[in-house]
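Undergrad: The structure follows.
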Amino acid sequence: MQVLNFPTYPFRIKNRENKPYVFDIIRKKFVQIQAEEWVRQHLVWFLIYEKNYPKSLINVEKKILVNGLTKRVDLVIFNKDGSIYLLVECKSPEVKISQQTFDQIARYNLSLNAQLLMVSNGLSHFYCRVDKNAEKYTFLESIPDYIP
């Protein structure tokens, strides 16, 4: 597995039919490790163990409707009231984060109204606060820690 720009975590990994699987602590099942999934699993652990987000507020691969099409958001972190706090788009480490990548999550957010957006390929991470009224994004140095 590729080393990413995250702390090292004690993932549960197993092989099935010569393919590696990692235990997803949110979905509570083993999922096949692809490059993007490896990034997603690191982000889940990062949000829980570094930023203190409760597992109960995290949803993995949330289905959403965008312009009548079903899409999946890699990670959705909810507020306690059920509104969306953070949307996360994961890319493979080989994918350079570009304006197109950011535009993808911004399009998803048109209907979801998250307060924060994050895009990561596991090596580079970008975070921003959404100001819907002013129609602008303010880039942040990191994701804020969870405050209950």
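The values are calculated or read from the model by the stated rules, or taken from the named source; none is laboratory data. Predicted model, so just to flag it, every value in this text is computed and none were measured. Note: ideal-geometry Cβ built from the backbone for every residue, glycine included; neighbour counts use all protein chains shown.
Undergrad: Answer with yes or no whether Gly122 is part of a loop (DSSP other than H, G, I, E, B) and touching a Pro at 6+ places or on another chain (Cβ under 6 Å).
TA: Yes; evaluated as a whole, the condition is true for this residue.
Undergrad: Consider the stretch 106-148. How many of its residues are out of contact with any His (no Cβ under 8 Å at 6 or more places or on another chain), over 18 Å from Asn79 (Cβ atoms) and of a type in the set (A, V, I, L, M)?
TA: Result for the stretch 106-148: 4.
Undergrad: Considering only residues that are buried (at least 17 other Cβ atoms within 10 Å of the Cβ) and touching a residue at least 60 places away in the same chain (Cβ under 8 Å), which ones fall in the stretch 119-145?
TA: Selection gives Ser120, Asn121, Gly122, Leu123, His125, Ile143.
Conditions tested, residue by residue: (1) farther than 18 Å from Ser142 by Cα; (2) of a type in the set (Asp, Glu); (3) surrounded by 11 or more Cβ atoms within 10 Å (Cβ to Cβ); (4) in contact (Cβ under 8 Å) with a residue 40 or more places away in the chain.
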site	(1), (2), (3), (4)
Ser56	yes, no, no, no
Asn59	yes, no, yes, no
Leu69	yes, no, no, no
Val73	yes, no, yes, no
Leu86	no, no, yes, yes
Glu89	no, yes, yes, no
Lys96	yes, no, yes, no
Gln99	yes, no, no, no
Gln104	yes, no, yes, no
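Undergrad: Of the conditions (1) of a type in the set (A, V, I, L, M); (2) touching a strand residue (DSSP E or B) at 6+ places or on another chain (Cβ under 7 Å); (3) not in a strand (DSSP E or B), Leu75 satisfies every one except a single condition; which number is it?
TA: (3)
Undergrad: Any idea which of Leu47, Leu57, Leu43, Leu65 is at pLDDT below 95 and either farther than 17 Å from Val88 by Cβ or under 13 Å from the mean Cα position of the chain (by Cα) (or both)?
TA: Numbers: Leu47 fails: at pLDDT below 95; Leu57 fails: at pLDDT below 95; Leu43 fails: at pLDDT below 95.
Exactly one residue qualifies, and that residue is Leu65.
Undergrad: Go through the stretch 8-27 and give me each residue that's under 17 Å from Tyr53 (Cα atoms) and either over 16 Å from the mean Cα position of the chain (by Cα) or part of a strand (DSSP E or B) (or both).
TA: If the condition is that a residue be under 17 Å from Tyr53 (Cα atoms) and either over 16 Å from the mean Cα position of the chain (by Cα) or part of a strand (DSSP E or B) (or both), then Tyr9, Asp24 are the ones that fit.
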